[in-house]
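Working notes, structure below.
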Amino acid sequence: MSDGDKQDPHLEEFVRMLTGHQVDLQAFIMSSLGNYSDAADVLQAANVALWKKAAQFRPGAAFLPWAFQVAKFEILAFVRSRRRERLVFSPELVEMMIPVAVERSSGFPSRGDALRECIKRLSERNREFLRIRYAQEQSIQQISEKTGRSLEAVKSLYHRIRKSIERCIDRKVASDTL
Amino acid sequence: MLEPQDNTVSPELVALLEAVVLQCASDADVARLNELLLTSAEMRQYAAQFLQDETRLRSAFEMLERVGSFHRPASIELPAATKILKPRSHLRRMTLAWTLAAAVSIVTSSLLVWRMVRSENDVAQGGILPQAVASFGGGSEAGLKGDAALEPGNTLRIGDIVDLRSGLANLRFFCGVDVCLKGPATLKILSPMRAALERGTLTARVEESAHGFRIDTPNSKVVDLGTEFGVAVDEHGSTDMVVFSGKVTMEYSDLRPDEEAPSRPPLLDKGRLFSEGEAMRVTSVGALERVMAVRDSDYPRSAVERPDADQWPAIIDAVSDNFRAGDTNMCYQIAHNGFREDARAYVDRPYQWNGLNAEHGLPLCLRRADYVMTFCDDKLNSRLEMHVTLNRAARLYVLIDNRVDLPKWLTDKFHDTGYDVGVDENALAASWQSLGAGSGVSVDKTFSVWYMDVRKPGSVALGALRTPIIQSMMYCVAAMPLDMALALEGEPVRNHQPRIGRGFTNRELLPKPLVEPKSQRVENFADLTIAKPSDSDAASATHGVKFRLETMDGKLLPHPDVIVDDGVFATLNDGRVSQNADDRPRSVWYDGQGRFSVDFLRPRRIEAINTFSWHRFERASQFFTVWGSAADVKPPTDFEDVDQAIADGWQLIAQVNTRALGDGAVHASSISALKETLGPYRHLLWIAEHQVRGTFFTEIDVHTTPE
């Protein structure tokens, strides 16, 4: 591969938007499908599709609404290819979730910032728990074995942490919009 | 407003969504979730928000592991996000090539030879090739073989081959990569961001500007995602890769055990992610093997020698455990003469070893010791068996977290030196923590140093940690030649013990307290059962008793927002407790250590000391000692070690630590003797142990026997 091919001034902007919005895209796909590993697969496909359509992207235009449109077709194509097997949300429900997901993703941009703030407020113990759960991708069975807690205790700890983060975000978002 | 209100969310919906993301939902659960969501728009709103939060949460924690663009762990192929990074790094490479021009400089070298392989054809093909992309920054005795010898200040260009017959050479890629090459080695410069290692060993430290820097070997490609890794290619073409910090992806040929090896298996088209502490060997036929341990001499970080290196020949030959490739990619690191202030503690965490105080530093017996960086995550590994191979008579040390139960394999074979050392944690452990430099600076946890004398060369077996708690840390192994260890002068144990008030007072350090306190965590003061706040106890303001602020040389002041009236905290004994979880006017708190006392004017027999605190986060937890004295004149309150406290006339009544109860809520502790009263004491002293975010004390009651 040579280092000298293709240098499009728009391309850099496009790549910046695409990489900068990976989490938004993934959150959008996840809330339409309800399944993390499916969402990861669709994100891959959506990235490829967006990359192919990079030329259509006009610098300065809103990136996310356009990207959601592209991703939406990938979601629907994925659901069709799977039929009903191993889907969390049924195809009918996916179609109903997509507009909700678009609306929520575009309507609540500060939620991500609030969430990052709220993570900082977690206790060391709770952060360690989430770190093991997410960063090391341990299943609750594995966490349960490692920590000697029962499965129910792990679920309930997860529930408590999620609830407290959710309350924290809601509070923060509410106070920011006041 | 679309924002769903917490109290309107159906608990059933929440439970179903949680089951789905935890991957423990049954078919019936999934069906029920679909049914609910199909019928309720409100629930769809909540579900979308829940799932988006879940994604962001997961991504934030992955970000904490430093690479934001990857969504899968090491054992799974990378998603497309990596692919789309390529164009970006590609653009960056081009920009760098144009603006910086030079790619490599060599700082020092021994027996370094290079030769030009540029041809007119190469120049014609790539626009940037005529640019100087490399320079030679130093080195005294550049050898000569073939085309050209390297001189200080020389420039390397794309297409050049660096051939190092032996010794070490530092190279600097101008995009922001420092490479240390260990000979015999052959490295071909392919671009400002890429080089091919044909044989030999290199260690690369990659700055943020150069993420994406790549090393190709005959059977693999290693791409840096920041910040430091090593690659070695042996004479058969087998590749070893070790990640010292940050992450890399590695592409390699994937050979299943039952497949016959083709002469050169094709590379996988997708990389695999490796995190710090991990390593992998790809053999010349494409089989994967675990790299159990590497020595720092295997992967030199710099050609410049440390001034104090080689106090003795390396003692630890090998470290191994009972796990295989596939079960783990973790690789122990053995550091020769490496134990010093701020030395890295674990392969998989950037935590550092430190002495407990600036005055005495690390215990003499550990300074410059050879040591092993273990895997902090092995703290939870109950099946672990570790073997440490020593090549001569040695004193072998095990450093063990003071919070874990001592395992039998340790107490059977090892003895406690009495010394403690500290670990300095960074924000991975808690968001407000960061690494400090030097002894006693920002030390967060303490470890006891145990030893065993190994009189003959051979292997010593170590085991797993017992009943680990999730926040505890893995043990560490260090060694020193036995004759040197025996010749060391003894140091007073107290030089290397945690000091009272510094935040990590371990129970073994303290005399046995008179009382084991009770504690409780509740949502409201009304729910307390172990004790209730009182406005008529012997320490209340109505009796004229004052909680007096104590300082050490004018230090240890409470938070500036705390109301202090002429050195007195009026709020601690006014009988009124906080009205909310952040009631500043009714609370006393410190950021760090705090000390305060009461004087009853005459010795009193004490039935109970009850302490109440309330906050929504970790400031709810209580972590203090209470001391008593019957003397007329209050003894000094600035002691830091137990012997001094006792000599001054203080008696330890109890140590309270409610941190295990969890954060946020009302915390209460009650110190009372079951059958008898305590004392008599005229003076009581509270020492709130150092916490970065200290307790929100709202009320302290002392109940005495009626007179």
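The values are calculated or read from the model by the stated rules, or taken from the named source; none is laboratory data. Predicted, not measured: the structure shown is a model, and the values here were computed from it. Because the Cβ atoms are built from the backbone with ideal geometry, glycine has one as well, and the counts that use them run over all protein chains shown. Ligands, DNA and RNA are excluded from the accessible area calculation, which covers all protein heavy atoms including side chains. Shrake-Rupley method; radii C 1.70, N 1.55, O 1.52, S 1.80 Å.
Selection of region B:21-49 for residues being more than 22 Å from A:Phe28 (Cβ to Cβ) and facing another protein chain (nearest Cβ under 7 Å) yields only B:Cys24.
Criterion first (small (Gly, Ala, Ser), within 20 Å of B:Ile215 (Cβ to Cβ) and not in a loop (DSSP other than H, G, I, E, B)) does B:Ala279 satisfy it? Write out each step before concluding.
Details: small (Gly, Ala, Ser): yes; within 20 Å of B:Ile215 (Cβ to Cβ): yes; not in a loop (DSSP other than H, G, I, E, B): yes.
Yes, satisfied.
Could you tell me whether B:Cys365 is under 13 Å from the mean Cα position of the chain (by Cα) and modelled with pLDDT of 90 or more? When the stated conditions are applied, B:Cys365 does not pass them.
Close Cβ contacts (under 6 Å, 6 or more residues apart or on different chains) running from residues in region B:660-671 that are within 15 Å of B:Asp527 (Cβ to Cβ) to residues that are among the aromatic types (Phe, Trp, Tyr) comprise B:Gly664/B:Phe617; B:Val666/B:Phe525; B:Val666/B:Trp614; B:Ala668/B:Phe612. Assessment of region B:586-601 against the conditions (among the hydrophobic types (A, V, I, L, M, F, W, C) and open to solvent by 50 Å² or more (accessible area, probe 1.4 Å)) yields at least one matching residue.
I need a count of the residues in region A:139-157 that are out of contact with any Lys or Arg (no Cβ under 7 Å at 6 or more places or on another chain) and either at the interface with another protein chain (Cβ under 7 Å from one of its Cβ atoms) or not in a helix (DSSP H, G or I) (or both). Lay out the reasoning, then the answer.
Of all residues in region A:139-157, those out of contact with any Lys or Arg (no Cβ under 7 Å at 6 or more places or on another chain) come to A:139, A:141-142, A:144-157.
Adding the requirement that they be either at the interface with another protein chain (Cβ under 7 Å from one of its Cβ atoms) or not in a helix (DSSP H, G or I) (or both) leaves A:139, A:146-150, A:155.
Matching residues across region A:139-157 total 7.
The numbered conditions (1) open to solvent by 30 Å² or more (accessible area, probe 1.4 Å); (2) touching an Asp or Glu at 6+ places or on another chain (Cβ under 9 Å); (3) more than 9 Å from every other protein chain (Cβ to nearest Cβ) are all true for A:Cys168 except (1). Do you know which residues across region B:556-583 are over 30 Å from B:Pro603 (Cβ atoms) and within 33 Å of the chain's Cα centre (by Cα)? Once the filter is applied, which keeps residues that are over 30 Å from B:Pro603 (Cβ atoms) and within 33 Å of the chain's Cα centre (by Cα), region B:556-583 yields B:His559, B:Pro560, B:Asp561, B:Ala581, B:Asp582. All but one of (1) closer than 28 Å to B:Leu514 by Cα; (2) in contact with a strand residue (DSSP E or B) (Cβ under 6 Å, 6 or more places away or on another chain); (3) in contact (Cβ under 8 Å) with a residue 40 or more places away in the chain hold for B:Trp650, so report the exception by its number. Unmet condition: (3). For the residues A:Phe28, A:Phe73, A:Phe89, the requirement of being modelled with pLDDT of 90 or more and not in a helix (DSSP H, G or I) singles out A:Phe89. Scanning region A:95-138 for residues that are in contact (Cβ under 8 Å) with a residue 40 or more places away in the chain, over 13 Å from B:Ala60 (Cα atoms), surrounded by fewer than 20 Cβ atoms within 10 Å (Cβ to Cβ) and more than 7 Å from chain B (Cβ to nearest Cβ) yields A:Ser106, A:Phe108, A:Ser110.
Within the set B:Ala608, B:Ala581, the sole residue that is assigned to a strand (DSSP E or B) and of a type in the set (Gly, Ala, Ser) turns out to be B:Ala608. Per the conditions (1) open to solvent by 50 Å² or more (accessible area, probe 1.4 Å); (2) in contact (Cβ under 8 Å) with a residue 24 or more places away in the chain; (3) more than 20 Å from B:Asn34 (Cα to Cα), the sole criterion not satisfied by A:Ala49 is (1).
Within the set A:Leu25, A:Leu50, A:Leu43, the sole residue that is aliphatic (A, V, I, L, M) and either under 21 Å from B:Cys24 (Cα atoms) or at the interface with another protein chain (Cβ under 7 Å from one of its Cβ atoms) (or both) turns out to be A:Leu43. Checked against (1) under 30 Å from B:Ser40 (Cβ atoms); (2) at the interface with chain B (Cβ under 10 Å from one of its Cβ atoms), A:Ile75 meets all criteria but (2).
Quick test for you: out of B:Ser472, B:Ser536, pick the one residue that is within 14 Å of another protein chain (Cβ to nearest Cβ) and assigned to a loop (DSSP other than H, G, I, E, B). Break it down into steps so the answer makes sense when it comes.
On the way: B:Ser536 fails: within 14 Å of another protein chain (Cβ to nearest Cβ).
So the residue among B:Ser472, B:Ser536 that is within 14 Å of another protein chain (Cβ to nearest Cβ) and assigned to a loop (DSSP other than H, G, I, E, B) is B:Ser472.
Note on region B:159-210: enclosed strands (runs of 3 or more DSSP E) holding 3 or more residues that are within 22 Å of B:Asp296 (Cα to Cα) are B:168-173, B:177-191, B:194-206.
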